[in-house]
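Rule-based calculations on the coordinates, nothing more; no lab input. Since this is a predicted model, take the numbers as computed values, not measurements. Please note: Cβ atoms are built from the backbone with ideal geometry, for glycine as well, and neighbour counts cover all protein chains shown.
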Amino acid sequence: MAPVVVAPRVAAQQSEWATLPLIGSEQDERQRLGQLRGDTAGPGLLRAPSRSLPWRPDTAGVVARYLLPEVRLVGNSALPLSLNDGPLHAGRGVNALVTAGIVVEAAKVRLVLAPQFVVEQNLPFQVIQFPQRPDLPRSVWANPFHPPPESIDLPLRFGDDSRLRLDAGQSSLTVRLGGAEVGVATENLWWGPGIRNAIILSNNAGGFRHLLARTREPLPTRLGPVDVDLVLGRLDESGFFDADGSNDSRSVAGGALVWRPAGTTGLRLGAARLRIGGPAGHDQMSSLFGQWVFPSGGFEMYGEWARFADPTSLRDFLEFPNHSQGYTLGLQWARPLTRERTVRLQTEVSYLEPSASFRVRPVMTSYTSQQVPQGFTQRGEVLGAAIGPGSSSQWLAGDLFSPAWRVGVFAGRVRYDNGVLYEPIVPVFKLQDVSILGGVRASREYRGVRVLVEFTDTARLNYLYQAYLDDPIATTSRGIDIANRTLSVTFSTAPGH
């Protein structure tokens, strides 16, 4: 796991300064690059901020480590664009996420208090209101494309006011029990090898309240080391879904394991399953994933395959193995140019659109649910892949790294919730809702502070599927397109300071 950089101890006060490597942070990014180069073991496939903290020796007494703050600012010119931002939903306007806190450790007990302060300007933009029906009293901001039976708590806009709140964030309380840890937490979890999209759990939504049990280090077995992660918790509804207070909380339980086969190098195989439950029933999704890293060639390939509906029998699986499936596939390649400079290329594709079996049997849209109206969400954001339900994406990026800086470019495409095209929910002429994006990013360390800047230029084509016939005779169409520009700036502490 990624080491936490700690300044020299002040003996009289028994206190220290430290950084908490957040999922997807610049420190996390460089840790994965180090794995490609063969310099580090990598961040692992079961990630959580507290997993990156090394335990103090039992004889160290009570030690306080003050977490240096990380500040993330995101501005959107026309539409929301918020991917893997934890409790922050970066809507139109200026948004901010500030993380800071303290770690207190004594013997076998550790408390991480890492609350996150969230600011969202939430300026107005066009939405389609949820139809107001007496038999289905939902908020006007609720997602109009997913009424029952394929229901999900995924608001198009989080109300019409700015939002200011303090979230429990990346906090946890854990106890060492031999080679395991148990505790309670609200921190984000990331299961799987994906860089942009993890299908079961990611940091796209804020963390949820949960009990945890996990391995501190891989358990040695005859077949190879095994890592385990178990959670049992509660999911919360957003304030922009429905007026039914009896189902605001749902149960969530899940587990994941990662196996490193004996006799192999760089190969990790894993499985994960998540189950949600509410007053009317339960739902589940499962995945298999793997990662193979070849440090000698600076190459990595990875993938995750998931099903959102369990097969009813072996025959059912053999007939329809792709029913309700989703997948992510990715490659990374890194090559040193000089002793201190490395070029890295990345590509990742994700596909969560309705599977081809919809032609012969009903297929639910990914992350929606018939039994649990809010689906697989936490406070109005998807627990898994940032692209959202029924979507697909392609991503390509290239970066040049040095110890003190990096620069890069990226491009991508997202097709949103494509299953809506087959539903009569929007009874007008419509086309696929697609985003084409490209941008640049750069980071620089200066006097112990690292600044990461990203600029994204997005063309949202046929926004919310809106289009019209340009020439009814020739049946040519024209979409309603919106340009959006996103600027994000993140301030964090550089390792060694």
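For Val184 and Leu331, what does the FRET efficiency come to when R0 = 41 Å and r is the distance between their Cβ atoms, rounded to the nearest 0.05? That gives a FRET efficiency of 0.65. The residue list Asn188, Tyr66, Tyr367 was ranked by how far each Cα lies along the charge dipole of the chain toward its positive end, using unit charges on Cβ atoms, and Tyr66 comes out on top. What percent of all Cα-Cα pairs in the stretch 128-201 falls into each 10 Å bin, going from 0 up to the bin containing the maximum distance? Histogramming the stretch 128-201 at 10 Å steps yields 14, 24, 31, 21, 9, 1 percent.
For the stretch 357-411, a/c is not less than 1.5, where a ≥ b ≥ c are the root eigenvalues of the C-alpha gyration tensor, and a/b does not top b/c. That puts it in the oblate class. For the stretch 310-453, the share of alpha carbon pairs falling in successive 5 Å distance bins from zero is 2, 8, 13, 14, 15, 13, 10, 8, 7, 5, 3, 1, 0 percent. Computed about the Cα centre, the dipole magnitude for the chain is approximately 1360 debye when only Lys and Arg (+1) and Asp and Glu (-1) carry charge, each at its Cβ. Database remark: amide H of Ser369 closer than 5 angstrom to the amide H of Ser151, Gly375 (H placed geometrically; neighbours at sequence offset of 5 or more, or on other chains; Pro and chain starts carry no H).
The order of the peptides 341-349, 438-446, 140-148 by mean Cβ neighbours within 10 Å, most packed first, is 140-148, 341-349, 438-446. Specify the angular offset, from 0 to 90 degrees and rounded to the nearest 10, of the alpha carbon long axis of helix 26-37 from the longest principal axis of the alpha carbons in the chain. Helix 26-37 sits roughly 80 degrees off the main axis of the chain.
Size descriptors for the chain (Cα atoms only): Rg and Dmax, in that order, 22.7, 84 Å. Please list log₁₀ I(q)/I(0) at q = 0.12, 0.15, 0.16 Å⁻¹ for the stretch 140-253, using the Debye equation with identical point scatterers on the alpha-carbon positions. Once normalised to I(0) and log-transformed, intensities are -0.59, -0.85, -0.94.
Stretching Trp55 away from Ala280 to a fully extended chain increases their span by 76.8 nm, per 0.36 nm per residue minus the current alpha-carbon distance.
The fewest-to-most ranking of Glu423, Glu187, Glu381 by surrounding Cβ atoms within 10 Å reads Glu423, Glu381, Glu187. Length gained on full extension, Val62 to Arg478, computed as 0.36 nm times the residue gap minus the Cα-Cα distance: 143.2 nm. Choose one of Leu156, Thr456, Gly303: the residue whose Cα lies farthest towards the positive end of the charge dipole of the chain (beta-carbon charges +1 Lys, Arg; -1 Asp, Glu; about the Cα centre). Highest projection toward the positive end goes to Gly303.
The distance between label points at Arg485 and Val360 comes to 5.1 nm (points 7 Å beyond Cα on the Cα→Cβ vector). Taking other C-beta atoms within 10 angstrom as a stand-in for reagent exposure, Ile200, Ile436 fall in the order Ile436, Ile200, fewest first. Between Val109 and Glu340, the modelled label-to-label distance comes to 4.6 nm, taking each label 7 Å out from Cα in the direction of the beta carbon. Residues whose amide H lies under 5 Å from that of Leu156, counting only those 5 or more places away or on a different chain, are Asn143; hydrogens are built 1.01 Å from N in the peptide plane.
Couplings 3J(HN,Hα) of the stretch 306-314, computed from phi: 10, 10, 9, 9, 6, x, 7, 6, 5 Hz, in residue order, whole Hz [Karplus 6.51 cos²θ - 1.76 cosθ + 1.60, θ = phi - 60°; x for Gly and Pro].
Between Arg222 and Arg37, the simple label model (points 7 Å from Cα in the Cβ direction) yields a spacing of 4.1 nm. Using only DSSP helix segments of four residues or longer, with each worth -39500 (n - 2.57), what per-residue ellipticity at 222 nm results for the chain after dividing by its residue count and rounding to 500? Calculated from helices alone, the mean residue ellipticity at 222 nm is -1000 deg cm²/dmol.
Projecting the Cα atoms of Asn76, Trp405, Gln346 onto the charge dipole of the chain (Cβ charges, centred on the Cα centre) puts Trp405 farthest toward the positive pole.
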